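Novice: Got a structure for you, questions after.
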Amino acid sequence: MGLIDNEHVPGVITLPLRRLINWSRKSSLWYLLFGIACCAIEMMATGASRYDFDRFGMIFRASPRQSDLMIVPGTVNEKIADRVRTLYNQMAEPRWVIAMGGCAINGGPYHGEYNIVDGIDKVIPVDVYVPGCPPRPEALMHGVLKLQEIIANEGIRWEALRA
Amino acid sequence: MHWSVADERRDEARSAETSRRTEGAGEAVGVEMPAAVATVMQVLRERFPHLDVVHKEDEWVEARVAPDELPTVARFLRDDARLQFNFLSSIAAVDYVEKGFEVVYHLLSLPEGRRKLILKVTPAGDRDNPEVPTVTDIWPTANWHEREAWDLMGIRFTGHPDLRRILLREDWVGHPLRKDYQDRRPVRERQFKEDWIGRSG
């Protein structure tokens, strides 16, 4: 059947398991219900009906245990940085992070202030940076599509799957 | 530029009217304003003759109070029937470096909204330990305001029920809004995903 027998069966596709897994991962990015500052308003707008994250299979989860994606929308101060790291640690792998807006990228307008962490990538690793102050929903969606590209081309940690 | 004598006359008439209006408005404000201001100044000077009470602008009366006298003055301001300063609008702390700190209380009388007072207190003690008695027992709202002033400016409010930091982390060193504050936080390195796979940090 399929490629092995060099035979085409209607309704059956053949593809590497890596691509299948990555396809399912990128098509159901559940993101953490989590907002730090004003960018969160824009993130909510992106999730709501007009821009509609649901069409990417993206729904928010109120628990980091069920989330694949953390969108960090807002200024990261010293106090919240520890909480963000805790939440990231509580997420199961594979997990991805989008730094949304100037503040989450490098402190933005608050760069160098006394209580500000200059970018969330100083606390947890970031996959996609979405610039803007705040980014429009289109920009955030573009960031999500970029992340989907990254996920589609990722390798699979087979040893982690076996364990 | 005027195109006719009639235009010119009309313009003159208009400008005269405008100036009359502004004068009238000015007088009206001028009459109303000192009434509230005068009451506050009179009552304060009567009860505390040694206090430095001035009227600088708008409806704000300013009074400079010694720290040890603050609780007495504050309680009087709140309880006196002629003043009724029942709302502490804000507490601010200022760092003048050479002149030291200053704590500023903005008071408002809700029964008579135009009655406003600024209390200025220069803390006792040196720069490492500036002290002002608390007013939490007089205006409970002062609780968080004073915690904020402690957190960011390092003013110690003696008698405060729970003088902890309110905005910054508990283990913060120093008070960042002081003019001589030095940022001594350790440098945070950029994180890379390769280091995080299969572990938490």
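The values are calculated or read from the model by the stated rules, or taken from the named source; none is laboratory data. Just so you know, these numbers come straight off a predicted model, no measurement behind them. Ideal geometry is used to build each Cβ from the backbone, glycine not excepted, and the neighbour counts take in all protein chains shown.
Novice: Looking only at the stretch B:188-201, which residues are in a loop (DSSP other than H, G, I, E, B) and either more than 10 Å from chain A (Cβ to nearest Cβ) or modelled with pLDDT under 90 (or both)?
Specialist: Scanning the stretch B:188-201 gives B:197, B:198, B:199, B:200, B:201.
Novice: Follow-up. Provide a single number: the residues in the stretch A:132-143 that are farther than 13 Å from residue A:73 by Cβ and touching a strand residue (DSSP E or B) at 6+ places or on another chain (Cβ under 8 Å).
Specialist: The number of residues fulfilling the criteria is 1.
Novice: Name every residue in the stretch A:77-96 that is among the aliphatic types (A, V, I, L, M) and either farther than 10 Å from residue B:200 by Cβ or in a helix (DSSP H, G or I) (or both), in order of residue number.
Specialist: A:80, A:81, A:84, A:87, A:92
Novice: Under 8 Å by Cβ, and 6 or more places apart or on different chains, what pairs join a residue from the stretch A:76-98 that is within 18 Å of residue A:31 (Cα to Cα) with one that is at pLDDT below 90 and in a helix (DSSP H, G or I)?
Specialist: Matching pairs, first to second residue: A:93/A:160.
Novice: Given the options A:156, A:71, A:120, name the one that is under 30 Å from residue A:18 (Cβ atoms), in contact with a Lys or Arg (Cβ under 9 Å, 6 or more places away or on another chain) and touching a residue at least 40 places away in the same chain (Cβ under 8 Å).
Specialist: Within the list A:156, A:71, A:120, the selection yields A:156.
Novice: Only one of A:110, A:129 is more than 9 Å from chain B (Cβ to nearest Cβ), of a type in the set (Phe, Trp, Tyr) and within 11 Å of the chain's Cα centre (by Cα). Can you tell me which?
Specialist: Of the residues listed, the single one that is more than 9 Å from chain B (Cβ to nearest Cβ), of a type in the set (Phe, Trp, Tyr) and within 11 Å of the chain's Cα centre (by Cα) is A:129.
Novice: Right, next: If you check residue B:44 against the conditions, is it closer than 26 Å to residue B:159 by Cβ, assigned to a helix (DSSP H, G or I), modelled with pLDDT under 90 and not aromatic (Phe, Trp, Tyr)?
Specialist: Taking the combined requirement at face value, the residue satisfies it.
Novice: Another one. Residues being exposed (fewer than 11 other Cβ atoms within 10 Å of the Cβ) and farther than 17 Å from residue A:116 by Cα: count how many of those fall in the stretch B:162-189.
Specialist: Going through the stretch B:162-189 one residue at a time, the tally reaches 4.
Novice: Sort through B:63, B:38, B:81 and tell me the only one that's out of contact with any Asp or Glu (no Cβ under 6 Å at 6 or more places or on another chain) and assigned to a helix (DSSP H, G or I).
Specialist: The conditions single out B:38.
Novice: Within the stretch A:132-163, count every residue that is within 13 Å of another protein chain (Cβ to nearest Cβ), touching a helix residue (DSSP H, G or I) at 6+ places or on another chain (Cβ under 8 Å) and part of a helix (DSSP H, G or I).
Specialist: 2
Novice: Test each condition in (1) loosely packed, with under 10 Cβ neighbours inside 10 Å; (2) modelled with pLDDT of 85 or more; (3) among the aliphatic types (A, V, I, L, M) for residue B:103 and report the one that comes out false.
Specialist: Of the numbered conditions (1) loosely packed, with under 10 Cβ neighbours inside 10 Å; (2) modelled with pLDDT of 85 or more; (3) among the aliphatic types (A, V, I, L, M), the odd one out for residue B:103 is (1).
Here is a yes/no grid of residues against (1) within 16 Å of residue A:79 (Cβ to Cβ); (2) modelled with pLDDT of 95 or more; (3) more than 13 Å from every other protein chain (Cβ to nearest Cβ):
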site: B:129; (1), (2), (3): no, no, yes
site: B:143; (1), (2), (3): no, no, yes
site: B:156; (1), (2), (3): no, no, yes
site: B:160; (1), (2), (3): no, no, yes
site: B:174; (1), (2), (3): yes, no, no
site: B:181; (1), (2), (3): no, no, no
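Novice: Here is a further query. Would the stretch B:85-106 turn up any residue that is within 22 Å of residue B:137 (Cβ to Cβ) and not in a strand (DSSP E or B)?
Specialist: Yes, the conditions are met somewhere in the stretch B:85-106.
Novice: Further question: When you check residue A:62 against the structure, is it loosely packed, with under 14 Cβ neighbours inside 10 Å, of a type in the set (Gly, Ala, Ser) and touching a residue at least 24 places away in the same chain (Cβ under 8 Å), yes or no?
Specialist: Yes: the conditions hold for residue A:62.
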